[in-house]
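The structure's right below; bear with me while I get my questions together.
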């Protein structure tokens with residue numbers, strides 16, 4: 001029976017934390033050679049083919065032993081601004097500066113600062129979406145979270161005209177968007193993303209883009225989709241290799257005025273640079289927003305890890321980021337193809353093929369009972385030393401205002417781990433399914 005302490009409420013665990021906690025009870029530990037954690041929300045952090053050398057040590061200057069500023073070191077804030085200007089805003093008159101950037105201790109904290117700075121508004125969010133959004137949207141009572149359902153029939157996307165209707169009809173003043181999306185891997189880019197930014201300006205609705213997976217893009221040949229390349233001549237392959245460029249996606253590309261457009265971007269080293277343990281993130285947006293979240297940070301957290309801010313500077317060099325992104329897209333693209341092919345053989349459905357991130361939103365409906373239920377599938381996988389995340393955790397339901405849970409027939413499968421772990425987990429799926437045939 002749960003112990004209740006006066007004054008405290010029961011705080012739910014996010015999906016990844018819940019499944020990891022349950023797996024630990026079955027003997028899971030990080031690094032255990034017999035376990036495959038296909039529920040993890042982090043990428044493999046070691047060297048991958050053709051990636052820049054990994055940082056293995058950090059030198060701490062005496063001054064960095066002290067508190068840093070709440071908004072982050074100015075050198076790092078300027079480096080972030082320079083990275084976005086060089087990558088997305090070449091030739092544009094309006095440019096980001098250090099005053100358009102705030103540094104925080106990880107993505108969830110950056111989003112928490114933003115949430116705490118919102119006023120008494122209607123705040124739109126999508127379902128399915130990132131499990132941690134649920135508690136984030138629950139704990140701050142100034143705004144009212146409004147869900148917008150993304151349907152499998154539409155590929156878990158919403159047409160701009162329908163989005164405009166949602167914004168105006170529901171009176172939304174802000175909208176939280178993960179792009180690429182977690183857990184479906186769906187992506188907005190090019191004209192579609194430009195239209196969303198135009199809607200932000202036209203409807204005066206602040207769009208907060210969670211872009212933590214924005215370098216994991218599979219809509220070009222780097223994503224492992226170009227099978228024909230395997231049959232090209234040596235000369236053609238050489239020409240192809242020399243012309244390869246990494247594709248990165250950001251709403252920052254379609255901002256007209258960096259200080260007036262209600263477009264905010266959140267990103268960091270966690271996924272796109274594969275340094276989750278550093279807990280370094282940034283928020284990019286109008287100066288007025290940055291000032292507000294710095295004030296929020298002064299009472300929420302006091303500022304990000306000081307020494308690691310200095311160590312992050314070389315990582316933001318555009319050439320370094322380009323090389324890391326190209327390596328990610330090739331390596332994770334191959335892992336994506338591996339997982340999709342194996343799931344097809346196992347009769348596990350995929351409503352929409354992921355075009356970004358490193359997750360597959362798996363439809364279990366055609367598996368034999370009881371495996372057609374995500375929670376049951378998760379528990380059976382634990383018996384085979386493999387972790388997935390049941391789909392119900394992605395039915396973002398702040399305050400549990402909706403009584404009927406969605407996505408019982410789904411689970412999220414991560415291809416963040418090393419290939420050896422993916423194969424271990426996929427083989428476990430086969431054993432689980434074989435038990436119930």
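The values are calculated or read from the model by the stated rules, or taken from the named source; none is laboratory data. No experiment lies behind these values; they were computed from the predicted model shown. Cβ: placed from backbone, ideal geometry, glycine included. Neighbour counts: every protein chain shown.
Across the range 395-437, what is the total count of residues that are crowded, with 22+ Cβ neighbours inside 10 Å, over 17 Å from residue 354 (Cβ atoms) and out of contact with any helix residue (DSSP H, G or I) (no Cβ under 8 Å at 6 or more places or on another chain)?
Here the count works out to 0.
Further question on the same structure: Given the condition more than 16 Å from residue 280 (Cα to Cα) and part of a strand (DSSP E or B), answer yes or no: does some residue in the range 114-122 qualify?
Yes - at least one qualifying residue is present in the range 114-122.
Still on this model: Kindly evaluate residue 41 against the criterion of being in a loop (DSSP other than H, G, I, E, B), in contact (Cβ under 8 Å) with a residue 60 or more places away in the chain and either closer than 20 Å to residue 327 by Cα or in contact with a strand residue (DSSP E or B) (Cβ under 9 Å, 6 or more places away or on another chain) (or both). So that I can check it myself, show each step before the final result.
Details: in a loop (DSSP other than H, G, I, E, B): yes; in contact (Cβ under 8 Å) with a residue 60 or more places away in the chain: yes; either closer than 20 Å to residue 327 by Cα or in contact with a strand residue (DSSP E or B) (Cβ under 9 Å, 6 or more places away or on another chain) (or both): yes.
When the stated conditions are applied, residue 41 passes them.
Separate question: Being crowded, with 16+ Cβ neighbours inside 10 Å, assigned by TED's automatic domain parsing to the domain that holds residue 206 and modelled with pLDDT under 90 is true for just one of 310, 222. Which residue is that? Can you show your working first?
On the way: 310 fails: modelled with pLDDT under 90.
The conditions single out 222.
Does residue 278 count as modelled with pLDDT of 95 or more and touching a helix residue (DSSP H, G or I) at 6+ places or on another chain (Cβ under 6 Å)? Lay out the reasoning, then the answer.
Working: modelled with pLDDT of 95 or more: yes; touching a helix residue (DSSP H, G or I) at 6+ places or on another chain (Cβ under 6 Å): yes.
Against the criterion (modelled with pLDDT of 95 or more and touching a helix residue (DSSP H, G or I) at 6+ places or on another chain (Cβ under 6 Å)), residue 278 qualifies.
Taking the options 278, 282, name whichever one is free of Cβ contacts under 8 Å to residues at least 40 places away in the same chain and touching a strand residue (DSSP E or B) at 6+ places or on another chain (Cβ under 9 Å).
On the way: 282 fails: free of Cβ contacts under 8 Å to residues at least 40 places away in the same chain.
After applying the criteria, what remains is 278.
Please work out which residue is surrounded by the fewest Cβ atoms within 10 Å (Cβ to Cβ), limiting yourself to the range 94-108 and to residues that are in a helix (DSSP H, G or I) and touching a helix residue (DSSP H, G or I) at 6+ places or on another chain (Cβ under 9 Å). I'd like the intermediate steps shown before the answer.
First, pick out the residues of the range 94-108 that are in a helix (DSSP H, G or I): 98-100, 107-108.
Narrowing further to those that are touching a helix residue (DSSP H, G or I) at 6+ places or on another chain (Cβ under 9 Å): 98-100, 108.
Numbers: 98: 19, 99: 17, 100: 28, 108: 19.
Once the filter is applied, the top-ranked residue is 99.
Here's something else I'd like to know. Within the range 7-30, count every residue that is out of contact with any strand residue (DSSP E or B) (no Cβ under 9 Å at 6 or more places or on another chain), modelled with pLDDT of 90 or more and assigned to a loop (DSSP other than H, G, I, E, B). Explain how you work it out, then say what you get.
Applying the first criterion (out of contact with any strand residue (DSSP E or B) (no Cβ under 9 Å at 6 or more places or on another chain)) to the range 7-30 yields 7-14, 17, 21, 24-27, 29.
If we keep only those that are modelled with pLDDT of 90 or more as well, we get 21, 24-27, 29.
Narrowing further to those that are assigned to a loop (DSSP other than H, G, I, E, B): 26-27, 29.
Selection size over the range 7-30: 3.
With 340, 300, 315 as the choices, which residue is touching a residue at least 60 places away in the same chain (Cβ under 8 Å), under 22 Å from residue 48 (Cβ atoms) and surrounded by fewer than 22 Cβ atoms within 10 Å (Cβ to Cβ)?
Just a single option satisfies the conditions, and that option is 315.
For (1) within 22 Å of residue 126 (Cβ to Cβ); (2) modelled with pLDDT of 95 or more; (3) not in a strand (DSSP E or B), each residue gets a yes or a no:
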site: 362; (1), (2), (3): yes, yes, no
site: 365; (1), (2), (3): yes, yes, yes
site: 370; (1), (2), (3): no, yes, yes
site: 396; (1), (2), (3): yes, no, yes
site: 405; (1), (2), (3): yes, no, yes
site: 408; (1), (2), (3): yes, yes, yes
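Are any residues in the range 52-84 over 25 Å from residue 290 (Cα atoms) and not in a helix (DSSP H, G or I), and if so, which ones?
52, 53, 54, 55, 56, 57, 58, 59, 60, 61
While we're looking at this one, here's another question. Every residue in the range 256-295 that is more than 21 Å from residue 194 (Cα to Cα), over 22 Å from the mean Cα position of the chain (by Cα) and surrounded by fewer than 20 Cβ atoms within 10 Å (Cβ to Cβ), please.
Of everything in the range 256-295, those that are more than 21 Å from residue 194 (Cα to Cα), over 22 Å from the mean Cα position of the chain (by Cα) and surrounded by fewer than 20 Cβ atoms within 10 Å (Cβ to Cβ) turn out to be 287, 288, 291, 292, 295.
Looking at 112, 184, 219, 144 in this structure, which one is in contact (Cβ under 8 Å) with a residue 60 or more places away in the chain and over 30 Å from residue 333 (Cα atoms)? It would help to see each step written out before you state the result.
On the way: 184 fails: over 30 Å from residue 333 (Cα atoms); 219 fails: over 30 Å from residue 333 (Cα atoms); 144 fails: in contact (Cβ under 8 Å) with a residue 60 or more places away in the chain.
Unique residue meeting the criteria: 112.
Considering only the range 169-190, I want to know if a residue exists there that is part of a helix (DSSP H, G or I), modelled with pLDDT of 95 or more and either within 28 Å of residue 256 (Cα to Cα) or assigned by TED's automatic domain parsing to the domain that holds residue 219 (or both).
Narrowing the range 169-190 to residues part of a helix (DSSP H, G or I): 169, 190.
Imposing the further condition that a residue be modelled with pLDDT of 95 or more reduces the set to 169, 190.
With either within 28 Å of residue 256 (Cα to Cα) or assigned by TED's automatic domain parsing to the domain that holds residue 219 (or both) added as a condition, the list becomes 169, 190.
Scanning the range 169-190 turns up at least one residue that is part of a helix (DSSP H, G or I), modelled with pLDDT of 95 or more and either within 28 Å of residue 256 (Cα to Cα) or assigned by TED's automatic domain parsing to the domain that holds residue 219 (or both).
Anything in the range 357-371 that is out of contact with any helix residue (DSSP H, G or I) (no Cβ under 7 Å at 6 or more places or on another chain) and within 19 Å of residue 184 (Cβ to Cβ)? List them, or say none. Outline the logic, then answer.
Pass one, the range 357-371, residues out of contact with any helix residue (DSSP H, G or I) (no Cβ under 7 Å at 6 or more places or on another chain): 357, 359, 361, 363, 365-366, 368-369.
Matches in the range 357-371: 357, 359, 361, 363, 365, 366.
I've got another one for you. I'm told residue 282 meets every condition in (1) part of a strand (DSSP E or B); (2) not assigned by TED's automatic domain parsing to the domain that holds residue 247 except one. Can you identify the failing condition by its number?
(2)
Now for a different question. Let me confirm something: among 163, 111, which residue is in a helix (DSSP H, G or I), at pLDDT 95 or above and in contact with a helix residue (DSSP H, G or I) (Cβ under 9 Å, 6 or more places away or on another chain)?
Values: 111 fails: at pLDDT 95 or above.
Every option except 163 fails the conditions.
If you go through the range 317-339 one residue at a time, do you hit one that is part of a loop (DSSP other than H, G, I, E, B) and modelled with pLDDT of 95 or more? Please lay out each step first, then the result.
Just the residues of the range 317-339 that are part of a loop (DSSP other than H, G, I, E, B), to begin with: 317.
Imposing the further condition that a residue be modelled with pLDDT of 95 or more reduces the set to 317.
Yes, some residue in the range 317-339 is part of a loop (DSSP other than H, G, I, E, B) and modelled with pLDDT of 95 or more.
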